[in-house]
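Here is the structure we will look at, set down as structure tokens.
The values are calculated or read from the model by the stated rules, or taken from the named source; none is laboratory data. Predicted, not measured: the structure shown is a model, and the values here were computed from it. Virtual Cβ from ideal backbone geometry, glycine too; neighbours counted across all protein chains shown. In case anyone asks, the SASA skips ligands and DNA or RNA and just uses the protein heavy atoms, side chains included. Shrake-Rupley method; radii C 1.70, N 1.55, O 1.52, S 1.80 Å.
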Amino acid sequence: MISRRDFLITLARLAATVGGAGMILVDPDWQRFLLGGDSGLAFGGTYLDELVSSAPKARYWTPLTIKGDGYSPEETIVRCLLCANGCAIVNGQRGRCRTRMNVNGELRSLVYGRPISIHIDPIEKKPLYHYLPGAAAYSLATAGCPLRCKFCQNWEISQASPEDHQVSFTPPAKIVDGAHANKAPVIAFTYNEPTVFTEYLTDISRDAKKQGIRSVLISCGFMNEAPLAEMCRVLDAIKIDLKGYSEDFYRTACGAELRPVLRSIKQIAKSRVHLEIVNLVVPTLNDSDKMLQELINWILGEVGPDVPVHFTRFHPDYQLLNLPPTPVATLERAYNMAISKGMHYPYVGNVPGHPGNHTYCPNCKKIVIERQGFFITAMNIKDGYCKFCRRKIAGVWT
Ligand code: SF4
């Protein structure tokens, strides 16, 4: 039989997992108990206490009830303005991403300085194919994500809460030092949805810039306009997952909306930041000719033929273990549709050794970057131009 204590903890975790319409509601009488308070039990106990007490004030939020209107700080509800979920959060609770908490009327970031995963990857793994090919990317993630994609390949961290992985505080300068010590010219914010740690990533990027290290973001594009504008001021490249050209698909498969993602892509395309797009093609869910064609048409119409687009293979994961991996023929269909519509740099992703993994010159059609998996085996771009016909190849090469 489940104990009363286990029941409450399970209830709280369910609330955090389900999330509802961007607001997690737990009976205030249990709040102190669930947050550790007197009991020191729930959500990892003292580690959560430490997270909350050291969490810095977040950016991008507003109080919904104003002090002086008869509300005490403890009664103040705040609205988070970081992403399109727009969570309204009562005192002691968090938004849908589980990383931002209302602490006595002030929104705090529980993931600032708390990376739970750090690796060095080739930049091709992000994937960014037209940005410093072959560069090592010092890559990091925290817990948390505003979305609930059923096919998430990193769900262990994206769907985790900050207290699920106990790590010590890592200031931005230490991340920059880590990249420097490992001779990585790029820092990548990736694996989970980095928007949830926007305060941390922008501080890191500013520090990195001073040391000549560039910063890239791997994102679902669900953030609001103002935080994205701040990110674009300090980042050098952004890869956006455009998961499917359908509101219904976004709602049912991701618990999100398409419209904010399209807005973000257009905003990045107008900025100085290098942009690439990934479309993870999931069998039966977003692989119809109609959806692929609409996605291709939108990209060509709104951001043009020079933005690289990766049609990437799905592997069964998380809540979609029942589906097979994407047939290579499906990815080739998407690739050929893109080419026939005039897209210059489509790719077949997650299929090592496939010819659709190379970069071809749009003019002479010769291979200008040859890849084997994540590695460059031939480079035929010189000073940004095709070595064979001297056509300019879109991207950042040095
Ligand atoms: S960033 Fe998190 S708390 Fe803020 S609106 Fe999005 S899901 Fe809600």
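Among the conditions (1) under 23 Å from H130 (Cβ atoms); (2) in contact (Cβ under 8 Å) with a residue 40 or more places away in the chain; (3) open to solvent by 10 Å² or more (accessible area, probe 1.4 Å), P327 misses just one, which is (1).
Condition first: part of a strand (DSSP E or B) and open to solvent by less than 60 Å² (accessible area, probe 1.4 Å). Now tell me which residues in region 377-398 satisfy that. Show your work before the answer.
Narrowing region 377-398 to residues part of a strand (DSSP E or B): 377-379, 381-382, 385-386, 392, 396.
Within region 377-398, A378, I381, C386, V396 qualify.
List the number of the failed condition for D317; all other conditions in (1) open to solvent by less than 50 Å² (accessible area, probe 1.4 Å); (2) at pLDDT 95 or above; (3) out of contact with any Asp or Glu (no Cβ under 7 Å at 6 or more places or on another chain) hold. Result: D317 passes all but (2).
Can you give me the ranges of the strands (runs of 3 or more DSSP E) entirely in region 58-162 with at least 3 residues that are near the ligand (Cβ under 10 Å from one of its atoms)? Outline the logic, then answer.
Numbers: elements: 61-63, 78-80, 100-103, 106-109, 117-122, 136-141.
By residue number, 78-80, 100-103.
The residue list V348, V368 contains one member that is modelled with pLDDT of 95 or more, part of a strand (DSSP E or B) and touching an Asp or Glu at 6+ places or on another chain (Cβ under 7 Å), which is V348.
For E247, state whether it is of a type in the set (D, E, K, R) and open to solvent by less than 50 Å² (accessible area, probe 1.4 Å). Outline the logic, then answer.
Details: of a type in the set (D, E, K, R): yes; open to solvent by less than 50 Å² (accessible area, probe 1.4 Å): no.
In short, no.
Within region 280-305, residues that are more than 18 Å from R263 (Cα to Cα) sit with their Cβ atoms under 9 Å from residues that are loosely packed, with under 14 Cβ neighbours inside 10 Å and of a type in the set (S, T, N, Q), at 6+ positions apart or across chains, in these pairs: L285/T252. None of Y200, Y191 is under 16 Å from I116 (Cα atoms) and open to solvent by 10 Å² or more (accessible area, probe 1.4 Å) except Y191.
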